[in-house]
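*Asks:* Got a structure for you, questions after.
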Amino acid sequence: MNKVVVIGTGNVGKAYSLSLINQNTKIDELILVDIDNKKALGNAMDLSHTAMFTNSNIQVKAGSYMDCKGAKIVVIAAGANQKSNESRLELASRNNVIIKSITKKVVSAGFKGVFIVATNPVDIMTYMVKKYSDFDNSKVIGTGTLIDTARCKFLLSEKINVNPKDIDLYVLGEHGDSSFVSWSSATIGSLNVKDIVLGNDLKQIERIVKKSGYRIIDLKGETSFALALCLTKITNAIINNEYAVLPVSAPYNGIYLGMPSVINKDGIKGVMKIKLTNEEANKLEDSIEILKSNINKLEV
């Protein structure tokens, strides 16, 4: 049985759950867990009533941490919301307390599957889930720079009028202000993006990508829809044993950060180290140092 447990039924948890149903994901049972039990029950009922309009046979239920036993995946979508003008890193200390409590409860219930973490700052929180769970590195995955990559492809597709699915590029590093686009390896068809788009335009796209999350929060108070589909993409890669290459938050140099990684039924099969220019390599090192510094502050 393919059972998925979602911890946190706020905006991201709700959107993710609906996405699983709409995409007819090969899940048999979806369990919603929330500190507000009535909220979890209400969302489970509401999602169940979509059955007439979908081809999904997913059974949606409200549950408890004990339902994590036997689950293939536990998705952590709980945490304090990012405030307007607040960086993801400033969330770290607040959400660390929440993540520790959740992780300990999930593991105590007998969970042996794969964690997917959506809580920001996602690279640091993914590292903390690994620490508190003592799971193998491969069993803990964060959404990483998958959403940044999706944003970048969309913006570039608007610029040059091509389908974003036909653009091959990665945003790497921290899911945050130190992220960067590996333009040196970015292609459309067999052409390098840098041969098609002016350098100043690429810099502008990269700036917008970094600010997109903040802008959306300013406008609507949270981000949810695109992130929910990122979670669904990772979920499908695990459930379907896809060996998909996705820029998720993965183990790298003793921490977790956004790197293209092979995802299959067991979690992270491997992390790909793509060729970087000297400038890009320096940006990656900067991102690593920023994350390590913030992790050290939490571990004091």
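The values are calculated or read from the model by the stated rules, or taken from the named source; none is laboratory data. Just so it is clear, the structure is predicted and the values come from calculations on it, not from any experiment. Every residue, glycine among them, receives a Cβ derived from its backbone with ideal geometry; neighbour counts consider all protein chains shown.
*Asks:* Quick check, is ILE98 over 22 Å from ASN240 (Cα atoms), aliphatic (A, V, I, L, M), within 19 Å of the chain's Cα centre (by Cα) and not assigned by TED's automatic domain parsing to the domain that holds GLU174?
*Replies:* Numbers: over 22 Å from ASN240 (Cα atoms): yes; aliphatic (A, V, I, L, M): yes; within 19 Å of the chain's Cα centre (by Cα): yes; not assigned by TED's automatic domain parsing to the domain that holds GLU174: yes.
When the stated conditions are applied, ILE98 passes them.
*Asks:* Out of ASN81, ASN57, ASN120, ASN96, report the one residue that is part of a helix (DSSP H, G or I) and polar (S, T, N, Q).
*Replies:* On the way: ASN81 fails: part of a helix (DSSP H, G or I); ASN57 fails: part of a helix (DSSP H, G or I); ASN120 fails: part of a helix (DSSP H, G or I).
That would be ASN96, the only listed residue that is part of a helix (DSSP H, G or I) and polar (S, T, N, Q).
*Asks:* Right, next: Are there any strands (runs of 3 or more DSSP E) wholly within the stretch 183-300 with 3 or more residues that are among the β-branched types (Val, Ile, Thr), and if so which? Please lay out each step first, then the result.
*Replies:* On the way: elements: 244-252, 255-264, 267-271.
Answer list for the stretch 183-300: 255-264.
*Asks:* Moving on. Restricting the stretch 129-159 to residues that are over 15 Å from the mean Cα position of the chain (by Cα) and among the aliphatic types (A, V, I, L, M), which is surrounded by the fewest Cβ atoms within 10 Å (Cβ to Cβ)?
*Replies:* Of everything passing the filter in the stretch 129-159, LEU155 is surrounded by the fewest Cβ atoms within 10 Å (Cβ to Cβ).
*Asks:* Can you tell me which residues in the stretch 55-94 are polar (S, T, N, Q), in contact with a helix residue (DSSP H, G or I) (Cβ under 7 Å, 6 or more places away or on another chain) and surrounded by 14 or more Cβ atoms within 10 Å (Cβ to Cβ)?
*Replies:* SER56, GLN82
*Asks:* For the stretch 134-179, which residues satisfy the criterion of being among the acidic types (Asp, Glu) and in a loop (DSSP other than H, G, I, E, B)?
*Replies:* Step one: list which residues in the stretch 134-179 are among the acidic types (Asp, Glu), which gives 134, 136, 148, 158, 166, 168, 174, 177.
Once the filter is applied, which keeps residues that are among the acidic types (Asp, Glu) and in a loop (DSSP other than H, G, I, E, B), the stretch 134-179 yields ASP134, ASP136, GLU174, ASP177.
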